[in-house]
1. Per DSSP helix of 4 or more residues, -39500 (n - 2.57); summed, then divided by the residues of chain C. What does that give at 222 nm, rounded to the nearest 500?
2. Measure off 7 Å from each Cα along the Cα-to-Cβ vector at C:ALA601 and B:ARG494, then give the distance between these two points in nanometres to one decimal.
3. Can you give the mean number of other chain Cβ atoms that lie within 10 Å of the Cβ atoms in peptide A:89-95?
4. If the viscosity is 1.567 mPa s and the temperature 4 °C, what Stokes-Einstein diffusion coefficient in µm²/s follows for the range A:6-90 when Rh is the Kirkwood radius over Cα pairs?
5. Using only Cα atoms, locate the centre of the range B:391-423 and the centre of the range C:530-588, then give the distance between them in Å, rounded to an integer.
6. If packing is taken as the mean number of other Cβ atoms within 10 Å per residue, what is the order of B:132-143, B:470-481, highest first?
7. Given C-alpha coordinates of the range C:74-155, what is the ratio Rg to Rh with the Kirkwood estimate of Rh?
8. Can you tell me the relative contact order of chain C? Whole percent, Cα pairs under 8 Å, sequence separation 6 or more.
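Each value in this text was obtained by applying a stated rule to the coordinates, not by laboratory testing. Given the structure is predicted, the values throughout are model-derived calculations rather than measurements. Note that we place each Cβ from the backbone using ideal geometry, even for glycine, and neighbour counts take in every protein chain shown.
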Amino acid sequence: MSGVPLSWWLVLATALFGIGALGVVTRRNALVVLMSLELMLNGVNVAFLAFARARGDSLAHAAVFIVMAVAAAEVAVGLALAIALFRHGGNVDLDRARRMKG
Amino acid sequence: MNDLLLCAPILVAAGTGILVMALDLLSGRDDPRKGFLGVVTAAGLAIAAVLAVTLWPGAPAFEMSFLKGVLIVDGFVAFFSALVLATGAAAALLAVDHLPEQGIEPGAFQTLLAFSATGALAFVAAADLVTMFLGLEVMSLAVYALAASKRSSGFATEAGLKYFVLGGLASAFLLFGVAFLYGATGSLDLAGIAAGLAGGASSAGADRVLPQVALVLLLVAMGFKVAAVPFHFWTPDVYEGAPTPVTAYMAGAVKAAGFAVLSRLILTVYQAPSWGGLPLSPADALLGLAVLTMVVGNVLGVVQDDVKRILAYSSIAHAGYLLLGVWATDPATRALNDGVPFYLLAYVAATVGAFGVVSLLGARGEEDMRLPRLAGLSKRHPVLAAVLLVCVLSLAGIPPFGGFMGKFNLFKAVLAADPASNVTWVVVAVLNSLVALYYYLRILLYAYFREPEVVSGDDVAAAGHAPAIRSAPAWAAIGVAALASLYLGILPGRMMAASGSAASAAVVRPDLSAALAAPAALAPGKSSPAPAPASPTVSRRAAVRDAGRDAARDATRNDRDAARNDRDAAHSRSAAPGTRPPRPPRPSRFAAPPAGGGSGR
Amino acid sequence: MHALVRDNVGTLLWVVVFAPLAGAIVNGILGPRLKRGTVSLVGVGAPVVAFVASALATWGLAGREAVSTTLFTWIQAGPIRVDLSLWLDPLSAVMILIVTGIGSLIHLYSTGYMHGDPSYSRYFSHLNLFLFAMLLLVLGKSLLLLFVGWEGVGLCSYLLIGFWFDDMAKAVAGKKAFLVNRIGDFGFLLGMFVLVFWMEGSLDVPALRDAVDMGGGHFVPGGTGVMLVTLALFLGATGKSAQIPLHVWLPDAMAGPTPVSALIHAATMVTAGVYMIARLNFLFALAPTTMAIVALTGAATALFAASIGLVQNDIKKVLAYSTVSQLGYMVLGAGVGAFGAGVFHLMTHAFFKACLFLGAGSVIHAMAGCQDIRLMGGLGKRMPWTRATFLVSTLAIAGVPLLSGFFSKDEILYKTLALQPASGPVAGWIGPLCFAMALAAALLTATYMFRLYFLTFSGELRSHHAHPHESPASMTIPLVVLAAGAALAGYVGLPIEHLNFWEHWLHPVFEDGAARFVSTGSHALEYGLMGVSTVVACGGIALAWALWRGPLTHVPAKAAAAAGGFYRLVCDRYRIDELYDAIAIRPFQALARVTHRWLDAFGIDAVLVNGPPRAVGWIGSIVRVAANGDVQAYAAALFVGLAVLLWLVIP
C-alpha cells in the first residue's frame, strides 16, 4: 500500500462514490438504491483513509468508524422504509413513489 | 463537572428521548394517556432550551476539557439551539392530539422527535466536522422515520422515502467534502481547518482544488438541508406527505439548524481574507443560490393548490432571503449579518404557527390539505383563522408582525454591508416578496372570504366541514407562535439584540484554534499545521497574526469612518447656501414651563 | 388654596381633556353591559368633572398670560416637532368653560331626552368623545393638535348626525356633513403645511405669534403669502362654521338627536371656525384683504340664512338657519377686527341657542317626534317651563335690550362701522355694506324667531294627534339654567369702559390682532346704534306678532303668492344644494365611473394587479414540470447543481 500514490486512492474513492451515485440515480429498486448509497459512503471512507495514510495521522480513523456506524443506522432506516413501500404495493419499485409532484 | 454542566442541554434532550421511550414501554399499547408523552417531550425540550440560553452564551468553549474540540458552546449556538428546541417542543405539542386522529403511534414518534432535536443540537454545536456529520445524521435519520411515521399512508411513506434517498445522498456529499477538507488541511475541527486554509492560501493552484471541491460539496449538502434551489425538489413533496407536526419541525428546526451550520461553516472556513482570486468565490456561489432560490420558490408557490405545498415553497423562498443574508457579510468585520438570526426566529415562529393550524385540520385521518379545506375557517374556528392570519401575514412580511421586522432588518443589513452593489439584490428580494404576497393572500382569501361549497354525504369533510382537532397543547403551541410573531413585530428590540450577539459569535475565531489544538494529542502528526502541544511559539504566532488582522480591520474601519466624515462635511458645505441662516435668538413672549407649572408676565 | 390651584393648572388641564375620554372609553366598551343608571352617571359625570376642573384651571390662570403643559413629544421628524401640549390662555379658558359647562347641562338633558333609546350607551360614549375632541381642539398648543381635535369633532359630528343610521336619510345627512367639511379641512391643511414651511417645523401657536411679532420673512402685513395662507385657513373655518358657500351641511345635520344639535351644531363645534380665526387673530390681522373677505362672508351668511329661516316650517330647521345666521355675525365680528366681540357673541349664542334647541327638543319630545310648527300651537299652556325659557332665549337672540344677545350683537354692529384696518388698501364701502346686511339680518332674526315662538306656543294646538305634556325635571333644569345664562351672560361685556370685564380678560390674546385696527367710532355712535338696534328688534317682533298672531295673519300667504318664484326659491334654500349637485357632485360621479371602469378595473386591476401574478403563474406552470415527483430525477438535479457549481468554481 505504501507504494500506491495518494492520487490513485483518490481516484478509487471517487470512482466508488460515482458508481454509487450512478446507482442512486438510475436503479429503480429501492434496495439497490440503498446499497448504492452505502457504496458512496464507503467511497468516502476510502478517501478518509487515504488522506490519513498520506498524512500519517490517525484522526480520520476515528471518523471512518463513526461513518460506518452511521451507515449501519442509515441502512436500518432505509430498510424499514423499503418495507413500508413494499407493504403499500407488493414491491420496492421507486417508480411508485411519485404520486406527489409539482 | 463543568463540562457536564455545559453539556446539560444536550443531555437533557437525549434524556427526554430515553424517558419518553421508557414511559412508552411502561404504558399499555392502547393507553389513552399516551398524549402525555408529547407533553413530556415538549417539557424536556423546553427545559433544554432554557438551559441552553442560560448556560451557553458567554461560556468559554475551550475551557471544556472533556469534550474539547468536539463542541463549541457560545451565544450563536445558544440562539439556534433554543430555536431548534422550541420548535421541537412545539411539534411535540402539535402532535399530541394529531397523532391519534391520524393513527400514528405516539411513543415512537415523540421519542424520535426528542432524539432528532438532540442530533440537531450536536449538529449546531459541533466544533469538528465529524461531530457535525454525526449530529446531522442523528437529526436526519429520525426525521426520515418521522416523515414516514403514518404507516397507513402511502403519501407518508413516499415522503419518508424521498427524503431518505435524497438526504442520504446529501450526507454522502457532506462527508466527501469533509474528507477533502481533511485532506487539504489535515484537520477536522472548524478552527483548525480555517487556520489550515488561511496558512495554505499562499501556496499555488493545485492545493486549492481540494478545498474548492470540498466547498461545492458542502454547499450542495447544506443547500439540500435548507432547501435551496436546485436542491429543493424534495421539499414540497416531503412537506406535503409527512404528518403536519413533522412538517412544522422540518420547516422550522431542520432549516434553522441547517442555516446555523451553513453560516458558521462558510464564514469560518471560507471567509478568510486571502480567499480571493477564484473565478467563482464562495460568496458568488451563495449569491447565485440565494437569488435562484427566492425566485423559484416564489414562482412555484404561486401555482400551488395545497396549503402545505404553498407553505413548502414559501419556506424555500425564505431560504433564498436568508441565503442572501448569509452572503452579505460586512467586508470589514466578516461577521454574520446580524439580521439573519432574527429573520430565522421570525420565520420559524410564523411557519410553525401556520403549519400548526394546518395540523389541526387533520382530524380523522384527513390528508387533503388543498386550499378549499380552509373555506369558512374564519366562521367555524375564528381563533384558528386569526392565528393563521397573523402567521401568514408575518411570513408575507406585513407590519406589524415579526416577518416584517425580520425582512426590514435583514435587507437593511444587506444594504449596510455594501450599499452600492447590494441594492440590486435587495430590490430583487423585495420584488420577490411582492410575488409571494399573492399566494399568502390566497390562503387568507380562502380562510376568510370563501364559503365552503355545499356538498352531500362523504364529501362533507373534504369540503371543509370537518371540525378542527380540539387540542389544548396544540392551541398553546400555535398561540405562542402567533404571539411571538406579534411580539417580534412590535417589540423587536430584545430579540434584535440577541440576534446581533448571536451573529457576532458566528465565526469561530482562529484564536480558538490555538486553544483547541491543545488536545491534538489525538493527532500529533508531522504535517499538522498547528503542532501540538500548544507551545508558546504557536500562541505567539497566532497572536501576531490576529493582531495583524485586527490592525488591518481597524485600519479599514478608520478609513471608512474618515470617508464618511468627509462626505458629511461636503454635504453640510453644499447644503449651507440653501438653508436659511439661523434666526437670532429672541426672548419668547411666553415662557412655557414643561409641565404643570405656570408663567406670568 | 389659590396657590395650590395655581401650581396645578397643568394637571387640571389633563383632567379636563381626559375625563371625557375616560367616559367615552368606559361607556364605549362596557356600556352595553352596564345598567342605564351607571351609563348616565359616567356619561354625565365626565363632563361635570371636566367642568369643575375647567373652572379651577381658569381660576388658577387668573392674572397670567398663559399656562402650558406637555405630556410627551408626539412627532419628531427632522425639523418638525410636535409635542402633545395643552395651552390655556384667557381665550381657551373661556372656551373650555363654555364647552364643559353647556356640555354638562346638555348631557344631563340627554338622560331625559334619550331615555328610551336602545343605543343609550353608544350615544353617551360618542357625546363624551365629542367633548374630548372639542377640548383638544380648544386647548391644543400646536395647530396640528388643534387639527386633530378639529377632525375628531368632525368625526363625532358624523357619528351623531347619523346616530339613527338605520334611517337612510339620516345616514346620508351625516355623510354630507363629513364630505362638505372635508373641503374646508383641505384648506386648513393647506394653510397649515405652508405655515410648517415658514415656521421651519414648529406649529405651536405661541411660537407662531412670536414669529409674527418679529415680522420679517413671510410675515409681512398685507403680503400675498399671508393673504393666501389665511384664506386657506378661512376655507377651513367656512366648512366648520357653516359659512357661505359651505353652509349646506348644517341644516341637514339636524337629523341627529336634538341635544346633539344643541351641543355640537349650535353651541360648540360649529364655533370652532370662529375660534380658529380668533386664535390666529395676529395672523389674520396681517392680511386686510382676507379680513375683508371674512367680514363680507359673515355678513352675507347672516342675512342669507336669516331669509331662509323666515320660511322654514320645521322647528329644528328654523333654528339651524338661525345658527348659520348667528355664526355669520361671529365671523363678521372676527372679520372686522372685533375678535373679542365675535367670541363674546359666540359665548352668548352658546347659551341662548343651546336653550332654544333644548326647548325645541322638549317640544318635539312632547309632540312625540313631530317637528312641523304648522301642526303646533298653544303649547305654552301645557309646557310652562319650556315656554318661559324659550321666550327668554328668543328675546335674547332677537336683540331685545338688557338680554345677552343685545350686548353681543350690538357690539359687532358697532365695531363693523367703527373699525378700520390700520394699514392696507381696503375699500371704504365694505364696513357700511356689512353693517347694512347685518342690520337687515337683525330685523329678520327678530321676525323669524318670534314667528317660531308664536306658531309654537301661542294660539290653539293644530294637531289632533298630539297630547303634549311638560318634560321631566332632567330636561327642564338645564333649560332654566341656560335661560338664566341667556338673560345674564351679556353683563360680563357691558359696553362701558371700566365694566367691560370681557374685553379686559381677553385683551392679552387679541392685543396683537386688535393693534392692526383703528377705531373711528365714538360713544355717540355706539349709543346711537343701540337705539337703532332696539328699534329694529322691537320692530321685528311687532311684525311677527302682526303677521302670525295679530290682525294680519292672512298677509303671509298673500305675500308668498305675490312673490311667486322668489318665494319658492327661498323655500328651496336658494337651490344651492341643487346647484352643487349639478356643478360638482354629478361631474364627480361621472368622473368616478370613468376612472373606475378604465383606470381601476382595467388599468390597475386587470393589468397591474392581476397581470403579474398571471404571468408568474404561467411561468410557474412551466417550471413545475421539472418537479415531476420522481425522487431519482430530484437526485439527478442534485448532481446537475453539483456539476454546475464545480464547473464554475474549478478554473
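1. -22500 deg cm²/dmol
2. The modelled label-to-label distance comes out at 5.2 nm.
3. On the way: counts 2, 0, 0, 1, 0, 7, 3.
So the per-residue partner count for this stretch is 2.
4. Numbers: Rh = 13.8 Å.
So the translational diffusion coefficient is about 94 µm²/s.
5. Computed from Cα coordinates, the inter-centre distance equals 66 Å.
6. On the way: B:132-143: 24.5, B:470-481: 20.7.
Result, highest mean Cβ count within 10 Å first: B:132-143, B:470-481.
7. Values: Rg = 15.5 Å, Rh = 14.1 Å.
Taking Rg over the Kirkwood Rh, I get 1.10.
8. Working: 1092 pairs, mean separation 77.5, N = 651.
Contact order relative to length: 12 percent.
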